[in-house]
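Contents: one structure, followed by commentary.
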Amino acid sequence: MLERLIHSLETSPIMKRGEYNYFINPITDGVPLLEPALLREIGCAMVRNLDLKDVDKIVVCEAMGIHIGVAFSMMTDIPLVVVRKRPYGLPGEVAVHQATGYSKGELYLNGVAAGDRVVIIDDVCSTGGTLRALVDAIEQTGAEIADICVVISRGDEDIGRPLKTLVKIEVSETQVRVVDTCL
Ligand SMILES: O=P(O)(O)OC[C@H]1O[C@H](OP(=O)(O)OP(=O)(O)O)[C@H](O)[C@@H]1O
Ligand SMILES: Nc1nc2[nH]cnc2c(=O)[nH]1
(Lines give C-alpha, C1' and ligand atoms only; values in the text may rest on other atoms or scores of the structure.)
(Ligands and ions follow the chains in the order given, each with its own letter.)
Protein backbone atom coordinates (compact mmCIF):
# COMPACT_ATOMS: atom_id res chain seq x y z
CA MET A 1 0.00 0.00 0.00
CA LEU A 2 1.01 3.63 -0.69
CA GLU A 3 4.00 2.60 -2.83
CA ARG A 4 3.21 5.27 -5.43
CA LEU A 5 2.90 7.99 -2.77
CA ILE A 6 6.12 6.92 -1.03
CA HIS A 7 8.06 6.84 -4.30
CA SER A 8 6.67 10.24 -5.40
CA LEU A 9 7.73 11.78 -2.06
CA GLU A 10 11.20 10.25 -1.94
CA THR A 11 11.85 11.68 -5.41
CA SER A 12 10.41 15.15 -4.66
CA PRO A 13 12.69 18.11 -5.35
CA ILE A 14 13.18 20.64 -2.54
CA MET A 15 13.14 24.42 -2.97
CA LYS A 16 13.70 27.17 -0.44
CA ARG A 17 10.80 29.47 0.39
CA GLY A 18 12.67 31.91 2.59
CA GLU A 19 14.15 29.64 5.28
CA TYR A 20 11.51 26.97 4.67
CA ASN A 21 12.49 23.71 2.90
CA TYR A 22 9.53 23.26 0.55
CA PHE A 23 9.13 19.88 -1.20
CA ILE A 24 7.41 19.88 -4.59
CA ASN A 25 5.11 16.92 -5.23
CA PRO A 26 2.20 16.07 -7.55
CA ILE A 27 -0.19 15.64 -4.60
CA THR A 28 0.72 18.90 -2.87
CA ASP A 29 1.37 21.02 -5.94
CA GLY A 30 -0.14 19.30 -8.98
CA VAL A 31 3.39 19.59 -10.40
CA PRO A 32 4.91 18.21 -12.58
CA LEU A 33 2.13 15.64 -13.31
CA LEU A 34 -0.57 14.04 -11.16
CA GLU A 35 -1.18 10.43 -12.21
CA PRO A 36 -4.71 9.03 -11.69
CA ALA A 37 -3.24 5.90 -10.09
CA LEU A 38 -1.59 8.01 -7.36
CA LEU A 39 -4.85 9.84 -6.69
CA ARG A 40 -6.73 6.50 -6.54
CA GLU A 41 -4.10 5.06 -4.15
CA ILE A 42 -4.61 7.98 -1.78
CA GLY A 43 -8.39 7.95 -2.09
CA CYS A 44 -8.54 4.24 -1.24
CA ALA A 45 -6.24 4.68 1.77
CA MET A 46 -8.38 7.55 3.08
CA VAL A 47 -11.63 5.57 2.63
CA ARG A 48 -10.04 2.72 4.63
CA ASN A 49 -8.76 5.06 7.35
CA LEU A 50 -11.49 7.60 8.00
CA ASP A 51 -14.59 7.28 10.19
CA LEU A 52 -17.30 8.10 7.64
CA LYS A 53 -20.28 6.97 9.75
CA ASP A 54 -23.17 9.46 9.25
CA VAL A 55 -20.80 12.00 7.67
CA ASP A 56 -22.74 14.68 5.75
CA LYS A 57 -19.92 16.70 4.15
CA ILE A 58 -16.23 16.62 3.25
CA VAL A 59 -14.44 19.92 3.96
CA VAL A 60 -11.24 20.85 2.11
CA CYS A 61 -9.27 24.08 1.68
CA GLU A 62 -8.29 25.63 -1.64
CA ALA A 63 -6.08 25.06 -3.44
CA MET A 64 -4.31 21.80 -2.88
CA GLY A 65 -7.05 20.09 -0.95
CA ILE A 66 -9.49 20.35 -3.85
CA HIS A 67 -8.30 17.51 -6.08
CA ILE A 68 -8.10 15.17 -3.09
CA GLY A 69 -11.58 16.26 -1.99
CA VAL A 70 -13.03 15.70 -5.47
CA ALA A 71 -11.54 12.19 -5.71
CA PHE A 72 -12.77 11.33 -2.20
CA SER A 73 -16.25 12.77 -2.83
CA MET A 74 -16.64 10.75 -6.03
CA MET A 75 -15.49 7.59 -4.24
CA THR A 76 -17.79 8.05 -1.25
CA ASP A 77 -20.74 10.00 -2.75
CA ILE A 78 -20.38 12.49 0.14
CA PRO A 79 -20.84 16.18 -0.84
CA LEU A 80 -17.79 18.47 -0.91
CA VAL A 81 -17.31 21.91 0.69
CA VAL A 82 -14.35 24.02 -0.47
CA VAL A 83 -13.03 26.64 1.96
CA ARG A 84 -11.93 29.60 -0.18
CA LYS A 85 -9.31 32.30 0.20
CA ARG A 86 -11.72 35.05 -0.78
CA PRO A 87 -15.08 36.06 0.73
CA TYR A 88 -18.48 35.39 -0.84
CA GLY A 89 -20.53 37.24 1.79
CA LEU A 90 -23.19 34.51 1.87
CA PRO A 91 -25.34 34.35 5.03
CA GLY A 92 -23.44 32.49 7.78
CA GLU A 93 -20.03 32.81 6.10
CA VAL A 94 -17.22 32.27 8.65
CA ALA A 95 -13.84 34.00 8.19
CA VAL A 96 -10.68 32.82 9.97
CA HIS A 97 -7.00 33.70 9.78
CA GLN A 98 -4.59 31.11 8.29
CA ALA A 99 -0.78 30.99 8.63
CA THR A 100 1.61 28.39 7.21
CA GLY A 101 5.40 28.20 7.41
CA TYR A 102 5.72 30.59 4.50
CA SER A 103 2.42 32.47 4.00
CA LYS A 104 -0.64 33.83 5.76
CA GLY A 105 -4.13 34.89 4.77
CA GLU A 106 -7.84 34.57 5.41
CA LEU A 107 -10.05 31.55 4.87
CA TYR A 108 -13.81 31.76 4.24
CA LEU A 109 -16.14 28.86 5.07
CA ASN A 110 -19.62 28.62 3.52
CA GLY A 111 -21.98 25.65 3.35
CA VAL A 112 -21.49 24.12 6.81
CA ALA A 113 -24.00 24.62 9.62
CA ALA A 114 -24.94 23.37 13.08
CA GLY A 115 -26.17 19.77 12.84
CA ASP A 116 -23.71 18.86 10.08
CA ARG A 117 -21.21 16.04 10.73
CA VAL A 118 -18.09 16.64 8.63
CA VAL A 119 -14.64 15.23 7.89
CA ILE A 120 -11.72 17.52 7.09
CA ILE A 121 -9.14 16.30 4.59
CA ASP A 122 -6.05 18.07 3.23
CA ASP A 123 -2.88 17.32 1.33
CA VAL A 124 -0.26 18.16 3.96
CA CYS A 125 0.11 19.32 7.58
CA SER A 126 3.31 21.18 8.48
CA THR A 127 2.89 23.87 11.16
CA GLY A 128 -0.78 22.84 11.58
CA GLY A 129 -1.84 26.45 10.96
CA THR A 130 -4.25 25.60 8.17
CA LEU A 131 -5.93 22.70 9.98
CA ARG A 132 -6.29 24.73 13.17
CA ALA A 133 -7.98 27.48 11.13
CA LEU A 134 -10.34 24.97 9.48
CA VAL A 135 -11.23 23.39 12.85
CA ASP A 136 -11.90 26.86 14.31
CA ALA A 137 -14.14 27.86 11.40
CA ILE A 138 -16.16 24.63 11.54
CA GLU A 139 -16.53 24.83 15.32
CA GLN A 140 -17.85 28.39 14.95
CA THR A 141 -20.72 27.03 12.82
CA GLY A 142 -21.68 24.50 15.52
CA ALA A 143 -21.05 21.56 13.17
CA GLU A 144 -19.42 18.35 14.43
CA ILE A 145 -15.98 17.16 13.20
CA ALA A 146 -16.08 13.36 12.82
CA ASP A 147 -12.48 12.91 11.65
CA ILE A 148 -9.49 14.71 10.18
CA CYS A 149 -7.00 13.19 7.74
CA VAL A 150 -4.07 14.56 5.75
CA VAL A 151 -2.13 12.67 3.10
CA ILE A 152 1.24 13.88 4.38
CA SER A 153 2.42 15.08 7.77
CA ARG A 154 5.80 16.78 7.93
CA GLY A 155 5.83 18.16 11.41
CA ASP A 156 4.85 17.07 14.92
CA GLU A 157 2.55 20.04 15.30
CA ASP A 158 -0.39 19.47 17.58
CA ILE A 159 -3.70 20.70 16.16
CA GLY A 160 -5.46 20.13 19.45
CA ARG A 161 -7.32 17.02 18.34
CA PRO A 162 -6.57 13.61 16.74
CA LEU A 163 -5.07 13.87 13.25
CA LYS A 164 -4.85 10.89 10.89
CA THR A 165 -2.10 10.89 8.30
CA LEU A 166 -1.26 8.45 5.51
CA VAL A 167 2.51 9.07 5.67
CA LYS A 168 4.89 11.00 7.92
CA ILE A 169 7.92 12.58 6.27
CA GLU A 170 11.10 14.41 7.24
CA VAL A 171 12.26 17.17 4.89
CA SER A 172 15.93 18.21 4.81
CA GLU A 173 17.62 20.80 2.60
CA THR A 174 18.08 18.16 -0.06
CA GLN A 175 15.55 15.36 0.30
CA VAL A 176 12.28 13.96 1.62
CA ARG A 177 12.36 10.81 3.75
CA VAL A 178 9.21 8.81 4.55
CA VAL A 179 9.54 7.87 8.22
CA ASP A 180 6.15 6.23 8.89
CA THR A 181 3.02 5.08 7.10
CA CYS A 182 -0.52 4.48 8.40
CA LEU A 183 -0.93 1.07 6.76
O1 LIG B 1 0.33 22.93 8.22
P2 LIG B 1 0.50 24.24 7.46
O3 LIG B 1 1.78 24.94 7.86
O4 LIG B 1 -0.71 25.10 7.54
O5 LIG B 1 0.76 23.88 5.91
C6 LIG B 1 -0.14 23.06 5.24
C7 LIG B 1 -0.92 23.84 4.18
O8 LIG B 1 0.00 24.42 3.24
C9 LIG B 1 -0.54 24.29 1.92
O10 LIG B 1 -1.50 25.27 1.66
P11 LIG B 1 -1.09 26.75 1.10
O12 LIG B 1 -1.66 27.73 2.05
O13 LIG B 1 0.37 26.77 0.80
O14 LIG B 1 -1.89 26.95 -0.21
P15 LIG B 1 -2.16 26.05 -1.47
O16 LIG B 1 -2.93 24.84 -0.94
O17 LIG B 1 -2.99 26.95 -2.32
O18 LIG B 1 -0.85 25.66 -2.06
C19 LIG B 1 -1.26 22.97 1.96
O20 LIG B 1 -2.26 22.87 0.97
C21 LIG B 1 -1.83 22.91 3.36
O22 LIG B 1 -3.15 23.38 3.38
N1 LIG C 1 4.15 21.26 -1.55
C2 LIG C 1 4.30 21.63 -0.26
N3 LIG C 1 3.25 22.15 0.43
C4 LIG C 1 3.48 22.50 1.71
N5 LIG C 1 2.63 23.04 2.62
C6 LIG C 1 3.31 23.22 3.77
N7 LIG C 1 4.58 22.81 3.63
C8 LIG C 1 4.70 22.36 2.34
C9 LIG C 1 5.80 21.82 1.59
O10 LIG C 1 6.94 21.66 2.06
N11 LIG C 1 5.54 21.47 0.29
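At-a-glance table
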item: Lysines whose Cα lies under 24 Å from that of residue 53, excluding same-chain neighbours fewer than 8 positions away; result: 164
item: Gain on full stretching of the segment that runs from residue 140 to residue 104 - 0.36 nm per residue minus C-alpha separation; result: 10.9 nm
item: Computed FRET value (nearest 0.05) for residue 37 with residue 174, which takes r as the C-beta separation and R₀ as 22 Å; result: 0.20
item: Distant-in-sequence amide H partners of residue 80 (H built 1.01 Å from N, under 5 Å); result: 58
item: Contour excess over end-to-end distance, with Cα ends at residue 113 and residue 75 and 0.36 nm allotted per residue; result: 11.3 nm
item: Additional length obtainable on full extension of the chain from residue 157 to residue 52, 0.36 nm per residue less Cα span; result: 35.4 nm
item: Carbon/sulfur fraction of accessible area - the chain, other protein chains in place, 1.4 Å, %; result: 51
item: Solvent-accessible heavy-atom area per residue, rounded to whole Å², over region 43-119 at 1.4 Å; result: 49
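The values are calculated or read from the model by the stated rules, or taken from the named source; none is laboratory data. Bear in mind that the values here come from a model prediction, so they are computed numbers and not experimental data. Methodologically, a virtual Cβ is constructed for each residue, glycine included, from the backbone with ideal geometry; neighbour enumeration extends over all protein chains shown. Just so you know, the surface numbers come from the protein's heavy atoms only, side chains and all, with ligands and any DNA or RNA stripped out. Shrake-Rupley method; radii C 1.70, N 1.55, O 1.52, S 1.80 Å.
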